[in-house]
1. Would you calculate a helix-derived [θ] at 222 nm for the chain, using -39,500 (n - 2.57) for each DSSP H run of n ≥ 4 and dividing by the full residue count, to the nearest 500?
2. Order these by the 10 Å Cβ neighbour count, fewest first: TRP390, TRP186.
3. On alpha-carbon atoms, Rg over Rh for region 328-433 using Kirkwood Rh?
4. Which angle between 0 and 90 degrees, to the nearest 10, do you get for helix 266-277 versus the longest principal axis of the chain when only C-alpha atoms count?
5. Restricting to lysine pairs 8 or more places apart or on different chains, what number in the chain have Cα atoms under 28 Å apart?
6. How large is log10 of I(q)/I(0) for region 390-513 at q = 0.12, 0.22 Å⁻¹ when the intensity is taken from the Debye formula with one equal scatterer per alpha-carbon?
7. How big is the convex hull of the Cα atoms of region 324-383, per residue, in Å³?
8. Work out from phi, with θ = phi - 60° and the Karplus expression 6.51 cos²θ - 1.76 cosθ + 1.60, the ³J(HN,Hα) of each residue of region 172-187, listed in order in whole Hz, and give x for Gly and Pro.
Amino acid sequence: MARKIHIFDTTLRDGEQSPGFSMSLGQKLKVGHALAEMKVDILEAGFPAASPGDFDAVRAIATEIEGPIITALCRTIPRDIEFADRALEPATRSRIHTFIATSPIHRRDKLNMSCDEVLRHAVNAVNMATEICDDVEFSAEDGIRTEREFLAEILQAAIEAGAGTVNIPDTVGYATPSEVYDLFRWLIKTVPGIENVRVSTHCHDDLGLAVANSLAAVEGGATQIECALNGIGERAGNCALEEVVMALRTRADRFDCETGIDTRRFAAGSHLLAAVTGNFVPRNKAIVGENAFAHEAGIHQHGMLASSETYEIMKPEDVGVQHSQLILGKHSGRHAVVDRARVMGYQLEEDQLDDIMIRFKDLADRKKRVFDSDLEAIITGSQTHTNGPWSLNWLSVVSRVNGESEPMASLTLAHQDGTTSTHTGEGDGPVDAIVHALEQVTGTRIKVLSLAMRSISLGEDAQGEASLRATVDGVEYSGHGLSTDIVASCAEALLEIVNRAIRYSTEIKQSNAA
Ligand code: KIV
Ligand code: ZN
């Protein structure tokens, strides 16, 4: 029988803690639901002792998300373990994940501890965690660069103290596949009691080897893979969930392993995460990139027409990518939209549908043909979009190339309270001018950190999508905009950021007043 590999997702912890990928509580919940629908076995929701925001997010996920075991990270410090325990309290099934660095470099330069001290911290933490939670994971941070004998000793001690999972991370993405394979084989042969616990791998991608190393760990005997959607994570990222799962599945002949993941959710989950964090997935990214199932070269197209097996090792529909291009038009109704969305891997809830139908009809009026990618962008936009208080009524932008006039943006915004407001801004370019016009709305300082734009689907009337990150008075937000006019999509993304900032400061004022 195929060996079951447990998928431990750390998108919302290792992924979220990396620069440019931070998420608000609401955004974490949306991504958390998508991961639960994907059927990840364990969902790492955050690091509760790191900040009150992290604590609240873990608690909200533990309250709301059903299905996976919810876990939270903590150092081997009693205060951290207490925070993790309190944050996880509402979860139906929870796990405390405690870690300490074990490698000589970390012991000497970061912890200033001897091997004995590190070992004592690990054992005390696992002891404490097992008293309050019946599922405990111990991670030997930088395990890959740790002396084998000490690594084996500390894993044995953690197992004897009650850890049900031991994780050996390649924290700095230094290992090669054959090294990882050897190490896991050796640990599994050497550490007493290891056969009774789950053995986990957690690989970073600094040398682009995270997926290969995770697969090597599985071949060496690992039964849990820690990974993140779109491969997000510290520095170059973590092992990409969708890649490692599809490798295990596509090459089941070699690995003889299975996961419980619903792979048809990959495309939708990946797009949601990209929109929420304001980071597009590269076109050539394996499994979920736009080109992953595209065939441009004539010789490839010829082969594909004869048989898709000539150039495709996976079926696009197995990862939620649809081949059908033409779909709906302005006469299509709710049923057609819901049906098409379902085929594309989206279960639309009644309360989302009104908003999606308004956006769909509006687009269908402006655009002759609505493609799958258009519908997907509408759905993702509506999942990430939050309401008001301002919406864009009118926009006029002047650009300049070698001319006299200054780039300028005039816009009229409508407020939820029924008023409208018109503002004009100048700037170095049209986007800068929109920023200056919007700054007048909030009376704040907006600083754009990153901006990415792309076209969705084909043709002259193709939609444009903008994804951006910006700070408003030093607080970082992400925004997403969609329009048949690419500059307007930027304005929409910026307006979303402004709206988030306004709502955030209103919430702060209300909680201070309470
Ligand atoms: O990379 C790492 O070592 C980690 C641990 C905390 C699991 O993220
Ligand atoms: Zn990590």
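Quick note: the coordinates plus some simple rules give every number you see, no bench work behind them. Note that the structure is a prediction, hence the values are computed from the model and not measured. Every residue, glycine as well, gets a Cβ built from its backbone with ideal geometry; the counts of neighbours run over all protein chains shown.
1. Details: 16 runs with 210 residues, N = 514.
The helix contribution divided over the chain gives -13000 deg cm²/dmol.
2. Working: TRP390 20, TRP186 15.
Lowest count first: TRP186, TRP390.
3. On the way: Rg = 17.8 Å, Rh = 16.2 Å.
Expressed as Rg/Rh, it is 1.10.
4. The angle comes out at about 70 degrees.
5. Final tally of qualifying lysine pairs is 23.
6. -0.45, -1.32
7. Numbers: hull volume 4.2 nm³, N = 60.
Expressed per residue, the convex hull around the Cα atoms of region 324-383 is 70 Å³.
8. Working through the residues one at a time gives 10, x, 9, 6, 10, x, 5, 4, 5, 4, 4, 5, 5, 4, 5, 4 Hz.
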